[in-house]
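Everything below concerns the one structure shown next.
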Amino acid sequence: MSVLDILLHLFAPLTANCSDFKDRWGKAANPEAGGVAGRWQGEWISSVTGHHGPLRCVVEPIAPQRWRMAFRAEYAKVFRACYATEFTVVEEEGRWTFSGGSDLGALAGGTYEYRGSATTEALSCTYKSAKDHGEFRLSKART
């Protein structure tokens, strides 16, 4: 990564508007029991830089094989990034696998691809862009 890439990536969260995420988080306070819908929390970890931070996610099934996931990631206790992505989902014996992608803009690293799996208690997802790749590790939020 060049110095410019690092600076762009660091300043991208300054442009993030997290009010949509805050609304989704509030509405997801009482999800149906036993499902994947609702609040998740954990961390993101970059395999390229070693950077990591808190991560929150709201999973919203929008069709039988489609989820919308809204994310709020933090870095260095100051920066944050909020965005939502739709995923194609396959459920098999109480385990869901999903994939999707989104263009977060040049400041946030461009186009990202995601692949992951979830149970009713744990969700893991890899992410990959031209300049970064890593993992999201989340568990169902209790509140």
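The values are calculated or read from the model by the stated rules, or taken from the named source; none is laboratory data. Since we're looking at a predicted model, the values are computed, not measured. Because the Cβ atoms are built from the backbone with ideal geometry, glycine has one as well, and the counts that use them run over all protein chains shown. Ligands, DNA and RNA are stripped out before the accessible areas are found, and what is left, the full protein with its side chains, is counted by its heavy atoms. Shrake-Rupley method; radii C 1.70, N 1.55, O 1.52, S 1.80 Å.
Restricting the stretch 121-132 to residues that are open to solvent by 50 Å² or more (accessible area, probe 1.4 Å) and at pLDDT below 95 leaves a set whose member that is nearest to Cys57 (Cα to Cα) is Glu121. The residues of the stretch 38-53 that are within 17 Å of Cys18 (Cβ to Cβ) and open to solvent by 70 Å² or more (accessible area, probe 1.4 Å) amount to a single one, Gln41. Listed by first and then second residue, the pairs linking a residue in the stretch 98-123 that is of a type in the set (Asp, Glu) to a residue that is in a loop (DSSP other than H, G, I, E, B), with Cβ atoms under 9 Å apart and 6 or more places separating them unless they lie on different chains, are Asp103/Gly110; Glu113/Ser129. Looking at Ala106, Ala118, Ala81, Ala76, just one residue is open to solvent by less than 50 Å² (accessible area, probe 1.4 Å) and at pLDDT below 95, and that residue is Ala81. Checked against (1) buried (at least 19 other Cβ atoms within 10 Å of the Cβ); (2) not in a strand (DSSP E or B), Arg56 meets all criteria but (2). If you filter the stretch 38-52 down to residues that are polar (S, T, N, Q) and touching an Asp or Glu at 6+ places or on another chain (Cβ under 8 Å), you find that the one that is modelled with the lowest pLDDT is Thr49. Of Gly35, Gly94, all but one fail to be at pLDDT below 90 and open to solvent by less than 20 Å² (accessible area, probe 1.4 Å); the exception is Gly35. Being in a strand (DSSP E or B), within 25 Å of Asp23 (Cα to Cα) and within 11 Å of the chain's Cα centre (by Cα) is not true of Val89. Within the stretch 24-53, can you find the residues that are among the hydroxyl-bearing types (Ser, Thr, Tyr) and not in a strand (DSSP E or B)? Across the stretch 24-53, the qualifying residues are Ser47, Thr49.
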